[in-house]
Structures are given as structure tokens and as C-alpha cells.
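One structure is given here, and the rest of the page talks about it.
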Amino acid sequence: MTPRNSALAAVLIAAVALSLLWPMIPMPPSLIDQVPTSAQGLSSRDLPLSETETRWLAGARGIKRVVRTPSGIWLLAVTDGSNNRQAVHDPAYCFRGEGWTISGRQTLPLSSGHASLLSLTKPDESFQALAWFSDGGPPFTSPLEYWAKATLRRLSCGLSGNEPLLFILRPLGPPPKNWTDLAPELVATLTP
Amino acid sequence: MKSQPSPTPWWFLAAAAIFCGALNAGLVLAWARDPSNRYGSFAFLIWAAGIALLAWPPHGPAARLPVWVASLAICVIGQAGSLQVLKQVGLALLLASTIRPLPAAAIMLAAASTWTPAWGWLATHFAGPSFDGSRPAFGLAAFVAARLLASPQK
């Protein structure tokens, strides 16, 4: 074997070894266990995930929770892609995949960070949902920022920060009249 | 006396293609399960056939060995960081690098976007889900353009 071929073989072996071993490096625990379940004015009840939801998560962790706050009753979905980053998408992309049309998308300022207000319609129904990512810092809405943070976390073995979680909140009762006023308090209450 | 150029290590290209292909195996699921990636597999077949047609007969691209190693590195970083798009870029760069001239390779590299889930995401973001059906047409157009550029070289 020529020296060049030996070097190339070493490169291949290193590539295979790194690809197999890197994802096995233990990472710090996820924030999903710290999502508040009760607090002053907040109570909640977990719902079981459906078979379809479990299949879509494919190893990622998810929470489906009915949340009661002073401003109403809500359905909260939280996705943690620590074990399967591909389970976390741009929320608009997920809803479109389920057949919803995004008729509006608005970025709402919070006391620190931002959340997205999505207006979703089908021919005979419509609703609005609040979506945001959080890694323990200010909430954000950009999927690109999510990808960058989640990738950097894996490459740095968790040193760069926590795995961002995706939060989607929709009202179970009548739609709120003023999301802009409600969003900061809701996000602050429900985000660890 | 002029020294003989080293023979192209085709075995390395083949092994790297198998490795990068294996790291991208999740694409098959994305194409099968995600409605906005419905035409991704068809676009991939068009793209891969285009690469095979344009790269044949093999040119002896020993000078592109660094690109092959770089493609491998990109795939490994994508795997370590769990960023699928990097793995797709690595595979596309590896295979497109077998084409000459460079502009034809660049066109086929850009055309690789037609089989990626990123196309579906951008389509749903900016153009609507029906834009997904345009993948094969863009792939074919890119192949024709690359073929026109590659023709005088053969």
C-alpha cells in the first residue's frame, strides 16, 4: 500500500469511528423535565401521546399537557429533540404538513425574547397558536437559530448550552382577544 | 525524467460514497413520510442518473482528492452535530466533484438541493406546498445545462 493510500484509509477509518462514537458521548440532562407543571395560578394535567405522535417523535421526548392559567385553558405541546433532533421543525412546517394553511404569522415581543403567533386555517376551521423555542435563555422563534444552537451543543458535547425545546400553545376555549398582552406572561409561566 | 502521476484512488471515492450514502439513509424516510418531500426521491434519481452520465467516462480527478476528503469531513460534522443538511451537502459535493468542467459540477451541486428536505421547507415557506412538484423539472433543467457545459470537454 502506498503512503497516500494508507493515509486515505486512515481518514476513512477516523470518519467512521467519529460518526459512530460522537453521538454516544453523554450530554447534560434536558430542560424538558423542568417545564413547570404547577405554580401560583397554574395547574396542569398531562395527556398521553397518540400512536402517531409517538411515531413522529421517533425517540425524541414530547409532552402534551392541558394547562390552566388565570387567562384560560390551553393545550401545550413541548418537543425535546435531544435524542432525535429531526423531530423538531419550524412549527409552521409541521402545521402545513398536517394540511393547515398559515394565514398569518406575527412575531410578538416578550419581556425578553420573542414568540410567533401563527394563524392556521382549514376550509371549515381555524385557530391561532403561540410557538417559541427556549434553551433557558430568552425565547426565540427562528428555526435557523434552533438548528445552530442544537448543532453547536452536540459538537461541543453540551458545553455551548442547553438543548432548545419547542413550545406550541393553543387555546382550548374561546380564542384570546389580545395575544400581544397575554404572550409575555404565558411564555414566562410555561418556560423553564 | 518526468514522474508518473499517481493513479486516482477510485476505491476511496467508492468507499466515501457508501459512507456518506449510509449517513444520509434517513432521507428515504423523509421522502416517504413527509408530504412536502413527496417528489424528493424522484428528484434524487434524476440527479444521480445525471451525475453518472456526466461523470462517465471517469476523468482521473486526482486533483479533487482534497474535495473528497472535505466531503467526508462535512458528512462527519453533520453526523456529530445531527445536522442533516450538512450530510446532504457532503454527499452532493462528493458526487458532483466527479464531473468536469467545474461549472458543470457547480450546477449539479446546486441541483442537489432539489432532493433535499430543505427544498420542501423553503417551498412551504415561500411558495406553497405545490412547489414541491417542481423538483424533477429543476433537476432535469440543471442536468441539461450541465450537459451543455460539459459537451465541449468530451
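The values are calculated or read from the model by the stated rules, or taken from the named source; none is laboratory data. Note that the structure is predicted; figures quoted are calculated from it, not measured. Note: ideal-geometry Cβ built from the backbone for every residue, glycine included; neighbour counts use all protein chains shown. Protein only, heavy atoms only, side chains kept; ligands, DNA and RNA dropped before computing areas. Shrake-Rupley method; radii C 1.70, N 1.55, O 1.52, S 1.80 Å.
The table below gives the values:
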{"quantity": "Per-residue SASA entry for residue B:67, accessible area with 1.4 Å probe, Å² rounded to 10", "calculated": "50 Å²"}
{"quantity": "Rg [Å, one decimal], Dmax [Å, integer] - the stretch B:9-48, C-alpha atoms", "calculated": "12.4, 40"}
{"quantity": "Dimensionless Rg/Rh of the stretch B:48-121 - Kirkwood Rh, Rg from C-alpha atoms", "calculated": "0.99"}
{"quantity": "About the Cα centre, charge dipole magnitude for the stretch A:27-93 (Lys/Arg +1, Asp/Glu -1 at Cβ), debye", "calculated": "120 debye"}
{"quantity": "Karplus-derived 3J(HN,Hα), 6.51/-1.76/1.60, for each residue of the stretch B:97-102, Hz, glycine and proline x", "calculated": "5, 7, 9, 10, x, 4"}
{"quantity": "Local electrostatic count at residue A:133 - Lys and Arg +1, Asp and Glu -1, tallied over other residues with Cβ under 12 Å", "calculated": "-4"}
{"quantity": "Heavy-atom accessible area ranking, 1.4 Å probe, most first, across A:89, A:114", "calculated": "A:114, A:89"}
{"quantity": "Using θ = phi - 60° and Karplus 6.51 cos²θ - 1.76 cosθ + 1.60, couplings along the stretch B:113-120 (whole Hz; Gly, Pro as x)", "calculated": "4, 5, 9, 8, x, 4, 4, x"}
{"quantity": "Environment charge at residue B:17 (Cβ cut-off 14 Å; Lys +1, Arg +1, Asp -1, Glu -1)", "calculated": "+2"}
{"quantity": "Fraction in percent of alpha-carbon pairs per bin - 10 Å, chain A", "calculated": "8, 32, 33, 14, 7, 4, 2, 0"}
{"quantity": "Per residue accessible area of the protein assembly as shown, 1.4 Å probe, in Å²", "calculated": "49 Å²"}
{"quantity": "Ellipsoid equivalent to chain B - semi-axes via the Cα gyration tensor, in Å", "calculated": "29, 19, 11"}
{"quantity": "Whole-number D in µm² s⁻¹ for the stretch A:114-192, Kirkwood Cα-pair radius fed into Stokes-Einstein, 37 °C, 0.692 mPa s", "calculated": "236 µm²/s"}
{"quantity": "Residue-count net charge about residue A:105 - beta-carbon cut-off 15 Å; Lys, Arg +1, Asp, Glu -1", "calculated": "+1"}
{"quantity": "For the protein assembly as shown, alpha-carbon Rg over 2.2 N^0.38 Å", "calculated": "1.16"}
{"quantity": "Taking all pairs of distinct alpha-carbon atoms in the stretch A:75-163, Kirkwood radius in angstrom", "calculated": "14.1 Å"}
{"quantity": "Percent carbon-and-sulfur accessible area, the protein assembly as shown, ignoring ligands, DNA and RNA, probe 1.4 Å", "calculated": "66 percent"}
{"quantity": "Shielding by other protein chains, A:110-120, mean Cβ within 10 Å", "calculated": "0"}
{"quantity": "Phi-based couplings in Hz for the stretch B:64-80 (Karplus 6.51, -1.76, 1.60; Gly and Pro marked x)", "calculated": "8, 3, x, 5, 5, 5, 4, 4, 4, 4, 4, 5, 5, 5, x, 5, 5"}
{"quantity": "Overall dimensions of the stretch B:97-144 as given by Cα atoms, namely Rg and Dmax in Å", "calculated": "11.9, 35"}
{"quantity": "Sequence of A:146, A:93, B:39 from largest to smallest accessible area, 1.4 Å probe", "calculated": "B:39, A:93, A:146"}
{"quantity": "Accessible area of residue A:69 in the full protein assembly, 1.4 Å probe (Å², nearest 10)", "calculated": "20 Å²"}
{"quantity": "Surface accessible to a 1.4 Å probe, residue B:29 within the full protein complex, Å²", "calculated": "100 Å²"}
{"quantity": "In the B-A interface, the accessible area buried, summed over both sides, Å² (probe 1.4 Å)", "calculated": "2500 Å²"}
{"quantity": "Sequence of B:87, A:149 from largest to smallest accessible area, 1.4 Å probe", "calculated": "A:149, B:87"}
{"quantity": "Residues with amide H under 5 Å from that of residue A:135, placed H, sequence gap 5 or more", "calculated": "A:165"}
{"quantity": "Rh by Kirkwood over Cα pairs, then Stokes-Einstein D for the stretch A:2-104 at 0.890 mPa s and 25 °C, µm²/s", "calculated": "141 µm²/s"}
